[in-house]
Amino acid sequence: MIIFIYDKTFEGLLTAVFDAYSRRTFPDLLLAEGEPFPLFYDEAIQIYTDDRKAERVWKGLERKISKSSLSGLTVTWLSELPEVDMLLFRYIRKAIDAPATIEFNLGDPDILETAKIWKKVNNERLRVMQFFRFQKATDGTYFAAIAPIYNVLPLVLPYAQDRFADQQWLIYDLKREYGYYYDLKDTIEVRFKEKDSHLLTGLLSEDIMDKDEKLFQSMWKEYFKSIAIKERLNPRLHRQHMPARFWKYMPEKR
Amino acid sequence: MDEKVLEKLKILAESAKYDVSCASSGTSRSHKSGAIGSAAGWGICHSFAEDGRCISLLKIMLTNYCMYDCAYCINRRSNDLPRATLSVTELVNLTIEFYRRNYIEGLFLSSGVVRNPDYTMERLVKAIKDLRLIHHFNGYIHMKSIPGASQELVNEAGLYADRLSVNIEIPNEASLQALAPEKDFKSVFAPMRYIQQGVLQSAEERKRFRYAPRFAPAGQSTQMIVGATADTDKDILHLSSALYQRPTMKRVYYSGFIPVNTYDNRLPALTTPPLVRENRLYQADWLLRFYQFKVDEIVNDAYPDLELDVDPKLAWALRHPEVFPVDINKADYEMLLRVPGIGVKSAKIIIVSRRYANLGSEQLKKIGVVMKKARYFITCRELPTQTVNEVSPETVRQLLTRKTGKKTDDRQLILPFID
Ligand code: SF4
């Protein structure tokens, strides 16, 4: 068994592909630094992430599969699922080796699996876009907390940047403890050493809420209640479309 | 903004909620600098009400005062219910503040008729014009055109709204006039025609001048109430199909009748709205728009109503065993679409992935084909054993409608994301 050890970044994974081809040695297992080794193995190879190597693999892939499938690879990566690196490694290898594109060959288990994860992550991205809620703070910043099952915040940014371009905002992932702040010009990744309560609970405390925030939250809540047609109540469908794990941060469901 | 607006919001949302056309789709407009918002090409549902319906737009009436007396409507003048009117500023504020918080995609504005159709229409147009021109609101706007409004006002509305709609409500003119004495087909179809002219004309102009104004870029939609009159599904779907022949008609919505005015004995006394029928109509509508079915194949003199226990595609397949089984590895796209259990998406995947290798039932399952249904209608790599021809349509029907004990929900609403 051959093990590659790398830094668990996407660039690291691409570097691993590069090194594998130049050594003509392919891993059976990908491990992060510090992860325990299996009992038996033949060789462990350390991969040093190198942006130039990563870029060359990416360029090579661009010639093999479509733009949309390429972005599918990064989306799938953001699932953070334990086996996803090995899956993508195999996918990339198949893509490179095949004379024609393999991306639509859903008869291949790796391609099908990638397509499935890609879809799941995309669904989560859509749900975050649907259900995240801004709360306005006294300083004018709109704050939203999310806790998605996959790391989809980077995928939601284009939507937020386009739609909320004339307001400052911070969207924060409570689980992964990072966020993006938009200052009317740039969007920057932010992490906080010391966390105010809203970075833990996801809700602005009243002393830093804009004076009208409460009112708009209750208006939305009332609207939400009024708009349902009593003769058609359907709690099952309601939950199915809007999973309960999002409710904590939605004024209409709190 | 204060508690008074909260009260009005409640009243006016209550009054607006029976209009089901909520999807905000069909326009892509990305952010303009100095403006608020964008519209994605598909509608995003930002919430789901407790009835399971998508909330994508702030659906509200400017006023629920109305001088008309439509029998099926909660806001008719003979009803004694709380009435309210929003000022344009209040409406604008609500829309923008909700939008900035990611509650909504935009606004769905309608109104009761006050004074006369043009007066009402003018106020609606003023509201959306202010939103666009003074407040630079760039989100989605769907405006309901008032029946009987003049062409000039419809033309102006089209400059600011993404979508305009005029509801037919009752699919047959005699019944419409019996239930809504102030309306007739002309009052509905004339504004529809104005919208169509506006859209087509603007498209023509934009070919020549890129900056010619856009006119209701998401086209128009309409709604029919189902189950308030004796009209059959054939009547309803033939009208839908005729409407879809018109170039700008994007969606026909169906709304299961809810007896909001139980005292009015011109209307049936239903205890629950006909939700299964409503769902079947949406499925049939889907077949018309995406599955290349002709309306006569779905409903005709022999079958004037959709069957409630099987979906219309399965119903068609059971009436036509002679075209099955379909060979998954050879059949063309149109034929794949006819197979119960195969949707638009899986049909497309089948077409691309069978280039690599012949497909078997395992792969079909993975692709997303509902094999429970499809197995009676296809052959794939494995040879068929029990197709509809061997076991007879009647048996297949029984097998597929047998209660499994598991609760299935026929009230599933349509996917809001596809236009
Ligand atoms: S005109 Fe519209 S609001 Fe007025 S009663 Fe008729 S349907 Fe209701």
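Quick check on my filter: what residues within the range B:241-264 are surrounded by fewer than 16 Cβ atoms within 10 Å (Cβ to Cβ) and among the hydroxyl-bearing types (Ser, Thr, Tyr)?
B:THR262, B:TYR263
Please go through the range B:236-290 and pick out each residue that is without any contact (Cβ under 8 Å) to a residue 12 or more places away in the chain and closer than 21 Å to A:ARG232 by Cα.
Result: B:PRO259, B:THR262, B:TYR263, B:ALA269, B:THR271, B:THR272.
Is it true that A:VAL156 is over 19 Å from A:PHE192 (Cβ atoms) and touching a residue at least 40 places away in the same chain (Cβ under 8 Å)? Outline the logic, then answer.
Working: over 19 Å from A:PHE192 (Cβ atoms): yes; touching a residue at least 40 places away in the same chain (Cβ under 8 Å): no.
So A:VAL156 does not fit the description; no.
Among the listed residues A:ASP166, A:ASP196, which satisfies the condition of being at the interface with another protein chain (Cβ under 10 Å from one of its Cβ atoms), more than 30 Å from B:THR262 (Cα to Cα) and assigned to a loop (DSSP other than H, G, I, E, B)?
After ruling out the rest, the residue left standing is A:ASP166.
Taking A:LYS53 as meeting all but one of (1) touching a residue at least 60 places away in the same chain (Cβ under 8 Å); (2) surrounded by 19 or more Cβ atoms within 10 Å (Cβ to Cβ); (3) in a helix (DSSP H, G or I), write down the number of the exception.
In the conditions (1) touching a residue at least 60 places away in the same chain (Cβ under 8 Å); (2) surrounded by 19 or more Cβ atoms within 10 Å (Cβ to Cβ); (3) in a helix (DSSP H, G or I), A:LYS53 misses (1) alone.
Name the pairs: first residue in the range A:4-21 and over 12 Å from A:ARG56 (Cα atoms) and part of a helix (DSSP H, G or I), second residue open to solvent by 20 Å² or more (accessible area, probe 1.4 Å) and polar (S, T, N, Q), Cβ to Cβ under 8 Å, at least 6 apart or on different chains?
A:PHE10/A:THR74; A:GLY12/A:THR49
Do you know which of the residues in the range B:228-256 that are part of a loop (DSSP other than H, G, I, E, B) and within 19 Å of B:PRO304 (Cα to Cα) is modelled with the highest pLDDT?
Step one: filter the range B:228-256 for residues part of a loop (DSSP other than H, G, I, E, B), giving B:228-232, B:245-248.
From what is left, the residues that are within 19 Å of B:PRO304 (Cα to Cα) are B:228-232.
Values: B:ALA228: 92, B:THR229: 93, B:ALA230: 91, B:ASP231: 93, B:THR232: 96.
Per the stated criteria, the residue is B:THR232.
Per-residue answers, yes or no, for (1) open to solvent by 40 Å² or more (accessible area, probe 1.4 Å); (2) within 14 Å of chain A (Cβ to nearest Cβ); (3) away from the ligand (no atom under 14 Å from the Cβ):
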{"position": "B:TYR65", "(1), (2), (3)": "yes, no, no"}
{"position": "B:ASP69", "(1), (2), (3)": "no, no, no"}
{"position": "B:VAL113", "(1), (2), (3)": "no, no, no"}
{"position": "B:ARG132", "(1), (2), (3)": "no, no, yes"}
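Exactly one condition in (1) more than 13 Å from the ligand (Cβ to nearest atom); (2) open to solvent by 10 Å² or more (accessible area, probe 1.4 Å); (3) closer than 20 Å to B:GLN220 by Cα is false for B:ALA127; which is it?
(2)
Hey, can you tell me all the residues within the range A:82-113 that are more than 13 Å from chain B (Cβ to nearest Cβ) and open to solvent by less than 20 Å² (accessible area, probe 1.4 Å)?
A:VAL84, A:ASP85, A:LEU87, A:LEU88, A:PHE89, A:TYR91, A:ILE92, A:ALA95
Hey, does the range B:191-214 have a residue that's hydroxyl-bearing (Ser, Thr, Tyr), away from the ligand (no atom under 16 Å from the Cβ) and open to solvent by 70 Å² or more (accessible area, probe 1.4 Å)?
The answer is yes, given that some residue of the range B:191-214 is hydroxyl-bearing (Ser, Thr, Tyr), away from the ligand (no atom under 16 Å from the Cβ) and open to solvent by 70 Å² or more (accessible area, probe 1.4 Å).
Just one of A:VAL156, A:VAL121 is within 11 Å of chain B (Cβ to nearest Cβ), within 12 Å of the chain's Cα centre (by Cα) and either of a type outside the set (Lys, Arg) or not in a loop (DSSP other than H, G, I, E, B) (or both); which is it? Let's see the steps before the verdict.
Details: A:VAL121 fails: within 11 Å of chain B (Cβ to nearest Cβ).
Unique residue meeting the criteria: A:VAL156.
Could we say that B:VAL92 is more than 25 Å from the chain's Cα centre (by Cα) and away from the ligand (no atom under 16 Å from the Cβ) here?
For B:VAL92, the condition - more than 25 Å from the chain's Cα centre (by Cα) and away from the ligand (no atom under 16 Å from the Cβ) - is met.
Out of the residues in the range B:136-167 that are assigned to a loop (DSSP other than H, G, I, E, B) and among the hydroxyl-bearing types (Ser, Thr, Tyr), state the one that is farthest from the ligand (Cβ to nearest atom). Talk me through it step by step, then tell me what you get.
Taking the range B:136-167 and keeping what is assigned to a loop (DSSP other than H, G, I, E, B), we get B:136, B:138-139, B:145-150, B:161-162, B:166-167.
Next, from what is left, pick out any that are among the hydroxyl-bearing types (Ser, Thr, Tyr): B:145, B:150.
Details: B:SER145: 11, B:SER150: 17 Å.
Checking each candidate, the answer is B:SER150.
Within 16 Å of the ligand (Cβ to nearest atom), modelled with pLDDT under 95 and not in a strand (DSSP E or B): is that true of B:SER33 in this structure?
So B:SER33 does not fit the description; no.
If a residue must be over 19 Å from A:ARG254 (Cβ atoms) and of a type in the set (S, T, N, Q), how many such residues does the range A:191-240 contain?
So the count comes out to 2.
In contact (Cβ under 8 Å) with a residue 40 or more places away in the chain, open to solvent by less than 80 Å² (accessible area, probe 1.4 Å) and of a type in the set (S, T, N, Q): which single residue out of A:SER71, A:SER79, A:SER66 fits that description?
The match here is A:SER79.
Looking at (1) farther than 27 Å from B:GLY256 by Cβ; (2) open to solvent by less than 10 Å² (accessible area, probe 1.4 Å); (3) in contact with a Pro (Cβ under 7 Å, 6 or more places away or on another chain), which one does B:GLY158 not meet, given that it meets all the others?
Condition (3) is where B:GLY158 drops out.
Restricting attention to the range B:269-287, which residues are in a helix (DSSP H, G or I), more than 13 Å from the chain's Cα centre (by Cα) and either surrounded by fewer than 17 Cβ atoms within 10 Å (Cβ to Cβ) or among the aliphatic types (A, V, I, L, M) (or both)?
B:LEU275, B:VAL276, B:LEU287 - these are the residues of the range B:269-287 that are in a helix (DSSP H, G or I), more than 13 Å from the chain's Cα centre (by Cα) and either surrounded by fewer than 17 Cβ atoms within 10 Å (Cβ to Cβ) or among the aliphatic types (A, V, I, L, M) (or both).
Output the number of the condition that A:LEU157 fails; it satisfies all remaining conditions of (1) out of contact with any strand residue (DSSP E or B) (no Cβ under 7 Å at 6 or more places or on another chain); (2) under 22 Å from A:LEU73 (Cα atoms).
(1)
Need the failing condition index for B:SER78 against (1) modelled with pLDDT under 95; (2) within 13 Å of B:TYR160 (Cβ to Cβ), just the number.
B:SER78 satisfies all of (1) modelled with pLDDT under 95; (2) within 13 Å of B:TYR160 (Cβ to Cβ) except (2).
For every residue, the table says whether it meets (1) at positive phi; (2) assigned by TED's automatic domain parsing to the domain that holds A:GLN217; (3) touching a strand residue (DSSP E or B) at 6+ places or on another chain (Cβ under 9 Å).
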| position | (1), (2), (3) |
| --- | --- |
| A:LYS120 | no, no, no |
| A:GLY140 | yes, yes, no |
| A:ALA145 | no, yes, yes |
| A:PRO148 | no, yes, yes |
| A:ASP166 | no, yes, yes |
| A:LEU170 | no, yes, yes |
| A:LYS175 | no, yes, yes |
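Do the conditions hold for B:PHE108, that is, is it away from the ligand (no atom under 16 Å from the Cβ) and touching a residue at least 12 places away in the same chain (Cβ under 8 Å)?
When the stated conditions are applied, B:PHE108 does not pass them.
Consider A:TYR142 carefully, then state whether it is closer than 26 Å to B:GLU105 by Cβ, crowded, with 21+ Cβ neighbours inside 10 Å and either within 14 Å of chain B (Cβ to nearest Cβ) or not aliphatic (A, V, I, L, M) (or both).
Yes; evaluated as a whole, the condition is true for this residue.
Quick one: B:ARG53 ticks every box in (1) crowded, with 22+ Cβ neighbours inside 10 Å; (2) more than 8 Å from chain A (Cβ to nearest Cβ); (3) at pLDDT below 95 bar one, so which box is it?
B:ARG53 satisfies all of (1) crowded, with 22+ Cβ neighbours inside 10 Å; (2) more than 8 Å from chain A (Cβ to nearest Cβ); (3) at pLDDT below 95 except (2).
Out of all the residues in the range A:199-254, which are part of a loop (DSSP other than H, G, I, E, B), within 9 Å of another protein chain (Cβ to nearest Cβ) and open to solvent by 70 Å² or more (accessible area, probe 1.4 Å)?
Scanning the range A:199-254 gives a single hit, A:LEU233.
The values are calculated or read from the model by the stated rules, or taken from the named source; none is laboratory data. These numbers come from a predicted model, not from an experiment. Heads up, the Cβs are rebuilt from the backbone with ideal geometry, glycines too, and the neighbour counts pull from every protein chain shown. Please note that ligands, DNA and RNA were not included when accessible areas were found on the heavy atoms of the full protein model with its side chains. Shrake-Rupley method; radii C 1.70, N 1.55, O 1.52, S 1.80 Å.
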